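One structure is given below, encoded as structure tokens.
Each value in this text was obtained by applying a stated rule to the coordinates, not by laboratory testing. What you see is a predicted model, and the numbers here were worked out from it, not measured in a lab. Positions of Cβ are generated from backbone atoms using ideal geometry, with glycine treated the same way; all protein chains shown enter the neighbour counts.
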Amino acid sequence: MRLLRVLKKEEFREIKEGITANRYLIKDADTKYKLNPDVTTPGVEYYIDDYNKGNFPFLPKPYKYLSLAVGYAKERDTAIVEVIGYSFKPNMIRANLYAFWQIVYHIGNVVEVKRAPKKHV
């Protein structure tokens, strides 16, 4: 399995308004997503693409495990891996105001591996 031969130590996921932000960020009734009090100012409105001096303004959901897969086929190798931490990475920074953000999950141990059935020719 390619995943195990070169086991990643980091897994990157893009954060976009809507589907992926809802998947990776803690929801909040007042501000839509829960603000990180260490890097935000009370009363200021923040958006998913705010650069915020290089500090992502929202808090991630506290995932303990991630499911990783090789390729897009229906039958494929998969693994469950431990999440030991996270960070945020800004990309394509515009005028020090906007950025495309990624959450970077720091990977620990492999918990489970499922191999796809081999195809017979």
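Contour minus end-to-end for VAL44 and ASN109, with contour as 0.36 nm per residue of separation and end-to-end as the Cα-Cα distance?
Values: separation 65, 0.36 × 65 = 23.40 nm, distance 3.90 nm.
The span from VAL44 to ASN109 would gain 19.5 nm if fully extended.
Want the number for ILE93 to TYR72: 0.36 nm per residue separation, take away the alpha-carbon distance, what's left? Kindly include the intermediate steps, with their values, before the conclusion.
Working: separation 21, 0.36 × 21 = 7.56 nm, distance 3.01 nm.
Full-extension gain reported as 4.5 nm.
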Return the long-range amide H neighbours of TYR33 (sequence gap of 5 or more, or a different chain), with a cut-off of under 5 Å between placed amide H atoms. ASP28
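Using mean Cβ contacts within 10 Å as the protection proxy, how do 45-58, 77-90, 25-38 order, highest first?
Numbers: 45-58: 17.4, 77-90: 15.8, 25-38: 13.7.
With the highest mean Cβ count within 10 Å placed first, the list reads 45-58, 77-90, 25-38.
So which of LYS34/LYS74; LYS16/LYS64; LYS61/LYS118; LYS8/LYS119; LYS74/LYS119; LYS34/LYS114 end up more than 24 Å apart by C-alpha? Display every interim value, and only then the final one.
Numbers: LYS34/LYS74 35 Å; LYS16/LYS64 22 Å; LYS61/LYS118 36 Å; LYS8/LYS119 26 Å; LYS74/LYS119 13 Å; LYS34/LYS114 35 Å.
Pairs exceeding the cut-off: LYS34/LYS74; LYS61/LYS118; LYS8/LYS119; LYS34/LYS114.
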With θ set to phi - 60° and the Karplus curve 6.51 cos²θ - 1.76 cosθ + 1.60, what are the ³J(HN,Hα) couplings of segment 65-72 in order, to the nearest whole Hz, using x for Gly and Pro? 9, 10, 9, 10, 9, 9, x, 10
Structure-based [θ]222 nm, the chain - -39500 (n - 2.57) summed over DSSP H runs of at least 4, per residue, nearest 500: -1500 deg cm²/dmol
